[in-house]
Amino acid sequence: MKTFKMGGIHPSENKLSAGRPIQLANIPKQVVIPLSHYIGNPSEAVVKKGDFVKVGQLIGKANGFISANVHASVSGKVNKIDVQLDASGYKRLAVFIDVEGDEWLETIDRTPTIISECLLSREEILKKIQDAGIVGLGGATFPAHVKLSPPPGKKAEILIINAVECESYLTCDHQLMLEKGEEILIGVSILMRVLDVKQAAIGIENNKKDAIAHLSKLAEKHTGIRIEALKVQYPQGGEKQLIDAIIQRQVPSGRIPIEVGAVVQNVGTTFAVYEAVQKNKPMIERVLTITGKEASNPGNYLVRLGIYLASVVEQAGGVPANTGKIVGGGPMMGRSLMNLNVPMAKGSAGILFIKAEESLRKPIQNCIRCTKCVRVCPMGLEPFLLMNQSERNMWPEMEKNRVMDCIECGSCSYTCPSNRPLLDYIRFGKTTVGSIIRNRK
Amino acid sequence: MEKLIISPAPHIHGGDSVKKNMTAVLLALLPALLVGFYFFGLGALIITLTSVISCVLFEYILQRYVLRIETSISDGSAAVTGLLLAMNLPTNLPIWIIVIGALVAIGIGKITYGGLGNNPFNPALVGRVFLLISFPAQMTSWPLPTPFSSHYLDAETGATVLSIIKSHLGELPSTLSLFLGNMSGSMGEISSAALLLGLLYLLLKKTISWHIPISILSTVFVFTALLNYFKPDVYASPWLHMFSGGLMLGAIFMATDYVTSPMNPRGMLVYGFGIGIITVVIRVFGVYPEGVSFAILIMNGFTPIINTYIKPKRFGENIK
């Protein structure tokens with residue numbers, strides 16, 4: 001079975017919410033929609049206090065190419081435009097909307113009919129994707145239209161759909177594939193049309209056998225789309241790792257996937273593309289997994305953007321008593337949250353409750369030079385060395401040892417027998433070296 | 001949940017620990033230890049207990065009363081050093097010499113450099129080589145294998161295979177009895193079969209990777225096979241080299257010591273190749289009948305430079 005060739009780990013999968021049907025999250029009295037997501041310029045508000053907005057109406061206009069539109073996820077009156085702490089821990093400008101009814105823009109097709117035919121041109125599709133404010137739903141939230149517009153002279157050969165969901169606990173993509181398989185495949189053909197490629201591969205890890213079987217059956221009706229079952233291994237959902245796993249090509253250091261002829265999109269993004277292009281529905285909601293070993297009711301929820309996470313959690317049975325840490329996202333790359341009074345964002349894939357006794361790190365011991373961090377690094381780096389150099393502010397040396405290649409997957413810290421905070425130091429060094437490189441230009 | 005814990009990712013840990021790794025090494029040494037007990041009886045038991053207890057005790061005393069820092073005896077690394085040292089000693093060695101060896105191994109070999117993780121040379125080998133140079137007579141008289149022997153200091157001694165090869169005196173045992181361990185030598189030298197069983201366990205547990213042991217063994221095999229091919233009447237067969245002396249113990253347990261070996265597969269291959277070459281050169285052309293300990297210590301010295309110049313295979317390296 002295919003997988004990436006270098007490094008990797010296999011944490012306990014703990015897919016507690018697997019197979020749980022997607023439920024609609026209740027809409028509270030107020031939602032707070034951030035005008036910016038993690039990557040790219042913040043969008044500019046185009047509504048003001050007192051305005052009445054409908055579901056799907058543009059409220060934030062993209063500012064520049066690497067930026068995405070933001071739409072109202074509920075109908076109601078704009079209460080204010082103010083700063084709000086988001087899940088990444090930063091204060092960002094957000095639109096506060098007092099909910100009134102559930103009135104949608106008339107242009108949005110809300111019927112469950114599946115529309116498979118798409119005769120739009122490449123430019124028309126791209127415009128729709130851009131207008132709908134679609135960003136990558138895998139975590140980095142990079143605007144989708146940017147990746148779909150290869151630089152001049154570069155041509156994609158294959159579209160790769162990232163349905164790996166290699167993080168433990170998370171099941172939102174898995175459930176989406178089970179419930180919206182046909183729509184996803186139509187989304188894939190639309191993206192193939194945009195990129196003008198003949199083939200697409202959907203990479204799914206082998207712990208989701210039902211999704212593999214379901215999509216393989218549906219894919220028989222679509223030409224050029226194949227399903228690739230992958231050996232379960234973290235971080236297979238890393239872009240470079242997934243490309244390596246599926247087409248055995250390694251994207252060189254500092255380069256982007258298009259240089260080996262690949263474009264990668266997340267499976268959730270693909271579904272959003274279907275909705276935007278075929279149903280005129282902008283990105284106003286996404287699936288969120290709520291989970292944890294002691295969660296009373298682990299499940300998958302379709303949540304409108306801007307709903308406070310606290311509200312969804314309450315609907316899912318509340319925060320378990322013995323919780324030491326709440327993580328936004330998966331256990332390997334998610335961020336720990338200070339509280340649940342943060343709004344649902346385009347990049348929110350999960351809320352994970354970690355038991356108190358599993359929340360604290362164990363005491364740091366001397367490095368015993370066991371080389372396990374080197375063995376698991378999927379980029380072929382030397383985490384032990386980078387940490388030492390970061391502790392000593394040796395920035396030029398870190399750059400030479402390729403710290404910028406680090407994808408921050410955390411496999412090194414996960415595996416270290418001495419409990420050394422390898423990634424903490426590497427991330428710090430990467431940030432510093434990154435700004436040194438930018439200042440050089 | 002009054003207060004939530006905030007920390008950067010990753011939020012889970014694989015559960016590996018220094019103690020687990022050290023325990024794996026101890027378990028992997030168990031077959032060889034049992035064979036040692038079988039062939040050398042009481043003597044084997046006495047030197048093992050003495051060596052392990054004194055290594056752990058010296059680590060405790062030095063950290064607790066001399067350096068006044070937290071002791072690290074519970075991580076099991078001192079016990080591993082003690083057991084490896086015992087594996088390297090003749091089973092008729094007086095207790096006081098073993099205690100000196102343990103003090104040198106732990107004191108000079110490990111604690112002076114800052115404890116586990118910081119020592120440039122393998123502590124057990126530092127202890128062994130110190131004893132070999134200081135007490136050459138006692139360190140080269142090897143008891144004959146006698147199942148369940150009740151002799152310790154008064155055990156009957158005989159020559160090791162390598163010294164027979166060196167001096168061309170005496171008769172060599174068959175390759176099979178070499179493989180199983182029915183010969184004179186230290187506990188860790190005799191049974192290649194038991195040591196290979198340990199290697200299998202360590203590889204399955206992923207405690208070590210194959211690179212160091214396999215590169216050492218194959219280098220020694222190829223080098224001695226070439227010598228043997230061109231002058232079979234002068235140079236011993238490669239199998240004899242493979243299954244005698246400290247080669248297996250060295251390749252599987254001493255050279256693979258985490259702290260003192262290179263940090264990536266490519267470096268490990270270079271290091272293993274170096275150990276293999278130096279071992280054969282000392283065995284065949286040197287004064288000493290055995291050279292594995294020296295070869296490992298010499299290559300330990302090269303480890304930092306190997307780490308500086310030989311980097312792991314990077315992702316996307318082969319693509320232009």
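The values are calculated or read from the model by the stated rules, or taken from the named source; none is laboratory data. Model, not experiment: these values are computed from the prediction. Using ideal geometry, Cβ is built from the backbone for each residue, glycine included, and neighbour counts are taken over all protein chains shown.
Taking helices (runs of 4 or more DSSP H) as the structural unit, those lying wholly within the range B:160-240 and holding at least 1 residues that are under 22 Å from B:Ile277 (Cα atoms) and within 14 Å of chain A (Cβ to nearest Cβ) correspond to B:211-230.
Would you say A:Gly203 is within 14 Å of another protein chain (Cβ to nearest Cβ) and closer than 23 Å to A:Lys346 by Cα? Quick ask: steps written out before the conclusion?
Values: within 14 Å of another protein chain (Cβ to nearest Cβ): no; closer than 23 Å to A:Lys346 by Cα: yes.
No; evaluated as a whole, the condition is false for this residue.
Give the residues of the range B:1-40 that are of a type in the set (A, V, I, L, M) and within 26 Å of B:Val259 (Cα to Cα), sorted by residue number.
B:Ile12, B:Val18, B:Met22, B:Ala24, B:Val25, B:Leu26, B:Leu27, B:Ala28, B:Leu29, B:Leu30, B:Ala32, B:Leu33
Restricting the search to the range B:272-305, which residues are over 24 Å from B:Ile133 (Cβ atoms) and surrounded by 20 or more Cβ atoms within 10 Å (Cβ to Cβ)?
Listed by number, the list holds a single entry, B:Gly272.
This table checks each residue for (1) under 28 Å from B:Lys206 (Cβ atoms); (2) of a type in the set (A, V, I, L, M); (3) touching a residue at least 60 places away in the same chain (Cβ under 8 Å).
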| site | (1), (2), (3) |
| --- | --- |
| B:Thr224 | no, no, yes |
| B:Thr256 | yes, no, no |
| B:Tyr271 | yes, no, no |
| B:Tyr288 | no, no, no |
| B:Val292 | yes, yes, no |
| B:Leu297 | yes, yes, yes |
| B:Asn300 | yes, no, yes |
| B:Tyr309 | yes, no, no |
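Scanning the range B:50-101 for residues that are in contact with an Asp or Glu (Cβ under 6 Å, 6 or more places away or on another chain) and charged (D, E, K, R) yields a count of 0. Identify, please: which residue in the range A:432-441 is assigned to a helix (DSSP H, G or I) and over 22 Å from A:Cys367 (Cβ atoms) and is, among those, nearest to the chain's Cα centre (by Cα)? That would be A:Gly434.
The number of residues in the range B:200-212 being buried (at least 17 other Cβ atoms within 10 Å of the Cβ) and over 13 Å from B:Leu30 (Cβ atoms) comes to 5.
Going by the conditions given, is B:Leu125 touching a Leu at 6+ places or on another chain (Cβ under 7 Å) and crowded, with 24+ Cβ neighbours inside 10 Å?
Values: touching a Leu at 6+ places or on another chain (Cβ under 7 Å): yes; crowded, with 24+ Cβ neighbours inside 10 Å: yes.
Against the criterion (touching a Leu at 6+ places or on another chain (Cβ under 7 Å) and crowded, with 24+ Cβ neighbours inside 10 Å), B:Leu125 qualifies.
Name the residues in the range B:107-131 that are in a helix (DSSP H, G or I), touching a residue at least 40 places away in the same chain (Cβ under 8 Å) and over 21 Å from B:Ile252 (Cα atoms), would you?
Step one: filter the range B:107-131 for residues in a helix (DSSP H, G or I), giving B:107-108, B:111-113, B:123-131.
Filter again for touching a residue at least 40 places away in the same chain (Cβ under 8 Å), leaving B:107, B:111, B:123-129, B:131.
Within the range B:107-131, B:Gly107, B:Ile111, B:Leu131 qualify.
Quick test for you: out of B:Ser163, B:Ser141, pick the one residue that is within 30 Å of B:Asp233 (Cα to Cα) and at pLDDT below 80. Of B:Ser163, B:Ser141, the one residue that is within 30 Å of B:Asp233 (Cα to Cα) and at pLDDT below 80 is B:Ser163. For the range B:132-159, taking the residues that are touching a Leu at 6+ places or on another chain (Cβ under 6 Å) and either farther than 26 Å from B:Gly107 by Cα or assigned to a loop (DSSP other than H, G, I, E, B) (or both), the one that is farthest from the other protein chains (Cβ to nearest Cβ) is identified as B:Glu156. Quick test for you: out of B:Ser191, B:Ser163, pick the one residue that is among the polar types (S, T, N, Q) and closer than 23 Å to B:Gly82 by Cα. Answer to the selection: B:Ser191.
Looking for something within 14 Å of chain A (Cβ to nearest Cβ) and over 17 Å from the mean Cα position of the chain (by Cα) - is there at least one such residue anywhere in the range B:287-299? Let's see the steps before the verdict.
Going residue by residue through the range B:287-299, those that are within 14 Å of chain A (Cβ to nearest Cβ) are none.
No: zero hits.
Report, by residue number, each residue of the range A:28-46 that is among the hydrophobic types (A, V, I, L, M, F, W, C) and either assigned by TED's automatic domain parsing to the domain that holds A:Val312 or under 18 Å from the mean Cα position of the chain (by Cα) (or both). Reasoning before the result, please.
Within the range A:28-46, the subset among the hydrophobic types (A, V, I, L, M, F, W, C) is A:31-33, A:35, A:39, A:45-46.
Passing the criteria: A:Ile33, A:Leu35, A:Ile39.
Within the bounds of the range A:238-250, is there any residue that is under 20 Å from the mean Cα position of the chain (by Cα), more than 14 Å from chain B (Cβ to nearest Cβ) and buried (at least 22 other Cβ atoms within 10 Å of the Cβ)?
First, pick out the residues of the range A:238-250 that are under 20 Å from the mean Cα position of the chain (by Cα): A:238-246.
Narrowing the set further to residues that are more than 14 Å from chain B (Cβ to nearest Cβ) leaves A:246.
If we keep only those that are buried (at least 22 other Cβ atoms within 10 Å of the Cβ) as well, we get A:246.
Yes.
The single condition from (1) modelled with pLDDT of 95 or more; (2) surrounded by fewer than 24 Cβ atoms within 10 Å (Cβ to Cβ); (3) out of contact with any Gly (no Cβ under 6 Å at 6 or more places or on another chain) that B:Ser215 fails is (3).
Quick grid of which residues meet (1) at the interface with another protein chain (Cβ under 8 Å from one of its Cβ atoms); (2) crowded, with 18+ Cβ neighbours inside 10 Å; (3) modelled with pLDDT under 95:
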| position | (1), (2), (3) |
| --- | --- |
| A:Leu386 | no, yes, no |
| A:Gln389 | no, yes, no |
| A:Arg392 | no, no, no |
| A:Glu399 | no, yes, no |
| A:Val403 | no, yes, no |
| A:Ser413 | yes, yes, no |
| A:Ser418 | yes, yes, no |
| A:Leu422 | no, yes, no |
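Against the list (1) farther than 25 Å from A:Gly329 by Cβ; (2) surrounded by fewer than 18 Cβ atoms within 10 Å (Cβ to Cβ); (3) in contact (Cβ under 8 Å) with a residue 60 or more places away in the chain; (4) not polar (S, T, N, Q), the condition A:Gly153 fails is (3).
Tell me, which residue of the range B:83-117 that is among the small types (Gly, Ala, Ser) and in contact with a Gly (Cβ under 9 Å, 6 or more places away or on another chain) is farthest from B:Phe37 (Cα to Cα)? Spell out the reasoning first.
Filtering the range B:83-117 down to residues among the small types (Gly, Ala, Ser) leaves B:86, B:101-102, B:105, B:107, B:109, B:114-115, B:117.
From the residues that got through so far, the ones that are in contact with a Gly (Cβ under 9 Å, 6 or more places away or on another chain) too are B:86, B:101-102, B:105, B:109.
Numbers: B:Ala86: 12, B:Gly101: 21, B:Ala102: 20, B:Ala105: 23, B:Gly109: 27 Å.
My answer is B:Gly109.
The set of residues in the range B:1-32 being more than 7 Å from chain A (Cβ to nearest Cβ) and in contact with a helix residue (DSSP H, G or I) (Cβ under 7 Å, 6 or more places away or on another chain) consists of B:Lys19, B:Met22, B:Ala24, B:Val25, B:Leu26, B:Leu27, B:Ala28, B:Leu29, B:Pro31, B:Ala32. Checked against (1) over 19 Å from B:Val126 (Cα atoms); (2) modelled with pLDDT under 95; (3) crowded, with 22+ Cβ neighbours inside 10 Å; (4) among the hydrophobic types (A, V, I, L, M, F, W, C), B:Leu93 meets all criteria but (1).
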